[in-house]
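Structure first, then comments.
The values are calculated or read from the model by the stated rules, or taken from the named source; none is laboratory data. Everything numeric in this text was worked out from a predicted model, so none of it was measured. Here Cβ is always computed from backbone atoms with ideal geometry, including for glycine, and neighbour counts include all displayed protein chains. Heavy atoms of the whole protein, side chains included, go into the accessibility calculation; ligands, DNA and RNA do not. Shrake-Rupley method; radii C 1.70, N 1.55, O 1.52, S 1.80 Å.
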Amino acid sequence: MKYCSKCGNELLDEAVICPKCGCPAGPTPVQSGDSDKLLKANKQSKIITANILNIIAFGLSIVALVTTFKVAHHSPKDPPDTNTYTIEKDIVGEWFGYDTTKIITPDEEMREWIQDEAERAAENKQLFSALCLWEVLYIVALIVGFLAAKGVKAGKKGLVLVYMAISVAAPVCFFVIEPRLLLMLVCGIGFILFVPAILNLIAGSKLLQAAAISE
């Protein structure tokens, strides 16, 4: 394995030019000191890029959290008027000659409202739990990502794999707890939940590349 004399990119032994910068990969060897500097700079560049992507991913996770909460959170409804009766008719039934008139008493409306409010509260609680777990995992991913970047400087890559696993676990756990929000993917807004994980995976790949560079 040899390295480009201009950018320090790893080259195959049979490479004629560097695929990254286009510099000819001639037979003239690079001075040892210059080569070490190029490798170090290349490694540091990948680590810095990974840290930036890690921060952006965390920021986008907050944006996704707020967006999902606004879309999926159900506001409470006003209670029904207990002094009025409601008359309901089924138009389709009337077409076939059936008397479908139904009088709903205030007590029935109140029971229905109480049941709807209980379901709404349960759904909001489930949504809140899913979003809390989501953001906790991304906070952990942010911290582990920075620790992994430090470890990469010493050639260690164990935390990088943990970092990437946590990043994938965040959206998976979210949809396991809130499977009804998979419908968000149909309208496209649900894809914002995967963007932070994708950025973290790219950051992880940068860290793995940096760990493979020997200074």
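Looking for whichever is assigned to a helix (DSSP H, G or I), open to solvent by 50 Å² or more (accessible area, probe 1.4 Å), small (Gly, Ala, Ser) and at pLDDT 90 or above here; the options are Ala165, Ala197. Which one fits?
Ala165
Among the residues of segment 109-154, which ones are free of Cβ contacts under 8 Å to residues at least 12 places away in the same chain and of a type in the set (Val, Ile, Thr)?
Ile114, Val136, Ile143
Which residues, counting only those in segment 140-157, are assigned to a helix (DSSP H, G or I), open to solvent by 80 Å² or more (accessible area, probe 1.4 Å) and either small (Gly, Ala, Ser) or at pLDDT below 90 (or both)?
Lys153
Which residues, taken from segment 177-191, are open to solvent by less than 50 Å² (accessible area, probe 1.4 Å) and at pLDDT 75 or above?
Passing the criteria: Glu178, Leu181.
Here's the yes/no breakdown for (1) outside any helix (DSSP H, G or I); (2) more than 30 Å from Ala210 (Cβ to Cβ); (3) more than 30 Å from the chain's Cα centre (by Cα); (4) at pLDDT below 75:
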| site | (1), (2), (3), (4) |
| --- | --- |
| Ile48 | no, no, no, no |
| Ile62 | no, no, no, no |
| Thr67 | no, yes, no, no |
| Glu94 | no, yes, yes, yes |
| Asp99 | yes, yes, yes, yes |
| Leu131 | no, yes, no, no |
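Just checking, how many residues over segment 69-91 are out of contact with any Phe, Trp or Tyr (no Cβ under 8 Å at 6 or more places or on another chain), modelled with pLDDT of 70 or more and not in a helix (DSSP H, G or I)?
5
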